[in-house]
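Here the structure is laid out as C-alpha cells; the discussion comes afterwards.
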Amino acid sequence: MRRSILITGCSSGIGFDSALKFQQRGWQVIASCRNAEDAKFLNNTYGLDIVCIDYEKPATIENGFKEALALTGGRLDVLFNNGAYAILAAVEDVPTDALRAIFEANFFGWHTLTRLALPVMFAQKSGRIIQNSSVLGFAAMRFRGAYVASKFALEGLTDTLRLELDGSGVHAILIEPGPIRTKIRENAFLQFNKWINWQEARQKSTYQNKLIPRLSMENPGKDLFELPAASVSEAVWKASTARKPRARYRVTWATTLMMLTKRLTPTWLADNISKRH
C-alpha cells in the first residue's frame, strides 16, 4: 500500500523540499500551504495533492485535514508539522499580542492538527507525528525570545506526547535543525516591521546597525554551519521510514555543538558563547 504524508508549510524551504523528496520516492504527498495560489502552483507544476492550512486559522486546519483524508482514503502514515516564523527582537520589545500570534502559528496550530491526526493513527495502530523544532528549542539566543519560547514549548509538549504514546504504535519525533537556508529571515523582517517599535527601544543602535541590515538582506551574511533545506528533508525521511525512529534528529553541526555546550558547560560559560552570535 502506498504510504502517505501530510506536510505543512510547503510553499518554500523545508516543506517544499520534503514534499518533492517524498513524492520522488513513491509516497503520496499531501502538501499544504497557507496561500491558495502557492498551493495551486504546487499542484499544477509538480502534481502534488494540495490542501490549504493556516495554523493561525483553526477552521482551515480542520477543513484541510478532512480534505487530506479524503485524498488518502482515510489513512495517514506521517504528519510533518513544519511552517513557522520568527520575530527577532529583544523580549522587552515584543508586545504580548505578538507573542500570542507567534504561539498560534508555531505551537497551538500544530497541536490542533496533531490532535486531528492522532485518532486516525490510533485506529491504524501506526503513524508518526514529526515536529520541525530547532536548535533554539533547547538553547536560548538573544533577540530570538519569542521564537525560542514557541520552540521550547513544542519540545516539551512533544517529549510528553512521546511518553504517552508508548505502546500505541504511534511515534512523536523532533527534528532539530540549526542554520538552514530558507526564507525565515525574509519572513522575520515582515514580522519585525509589523510588531516592533525599535525607534524608541533601549537597544535602538543594535537594531539599526545589526539586526535590521541582516533581516533586510542589506548585509545577509551566512551562518556558520549553514546547510540547505535538503539536509532537513533527509532527516524527515529517516524519521518517517526508520523501523525504530529516534526521539530527535539533529541537523547541522551547530545543533550538536550547542547540545554538547548545554550538557557539559556551566550556564555562565554557555551564556558567554551564546552572546557571540
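Some notes on this structure:
- Looking only at segment 1-22, residues that are more than 18 Å from N132 (Cβ to Cβ) and crowded, with 19+ Cβ neighbours inside 10 Å come to 1 in all.
- Given (1) within 24 Å of W27 (Cα to Cα); (2) in contact (Cβ under 8 Å) with a residue 12 or more places away in the chain; (3) in contact with a strand residue (DSSP E or B) (Cβ under 7 Å, 6 or more places away or on another chain); (4) in a helix (DSSP H, G or I), index of the condition S233 fails: (3)
- Only residues that are aromatic (F, W, Y) and either modelled with pLDDT of 95 or more or under 24 Å from Q23 (Cβ atoms) (or both) were counted in segment 224-257, giving 2.
- If you go through segment 205-221 and keep only what is buried (at least 19 other Cβ atoms within 10 Å of the Cβ) and either under 30 Å from A242 (Cα atoms) or modelled with pLDDT of 95 or more (or both), you end up with just Y207.
- Among the residues making up segment 1-37, those that are small (G, A, S), part of a loop (DSSP other than H, G, I, E, B) and within 14 Å of the chain's Cα centre (by Cα) are G9, S11, S12.
- Within segment 148-188, restricting attention to residues that are free of Cβ contacts under 8 Å to residues at least 40 places away in the same chain and among the hydrophobic types (A, V, I, L, M, F, W, C), the residue that is nearest to D77 (Cα to Cα) is L165.
Rundown of residues vs (1) β-branched (V, I, T); (2) in a helix (DSSP H, G or I); (3) modelled with pLDDT of 95 or more; (4) in contact with a helix residue (DSSP H, G or I) (Cβ under 7 Å, 6 or more places away or on another chain), yes/no style:
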| residue | (1), (2), (3), (4) |
| --- | --- |
| N44 | no, yes, yes, no |
| D54 | no, no, yes, yes |
| I61 | yes, yes, yes, yes |
| G64 | no, yes, yes, no |
| E67 | no, yes, yes, no |
| L76 | no, no, yes, yes |
| F80 | no, no, yes, yes |
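The values are calculated or read from the model by the stated rules, or taken from the named source; none is laboratory data. Not measured: the values here are computed from a predicted model. Cβ: placed from backbone, ideal geometry, glycine included. Neighbour counts: every protein chain shown.
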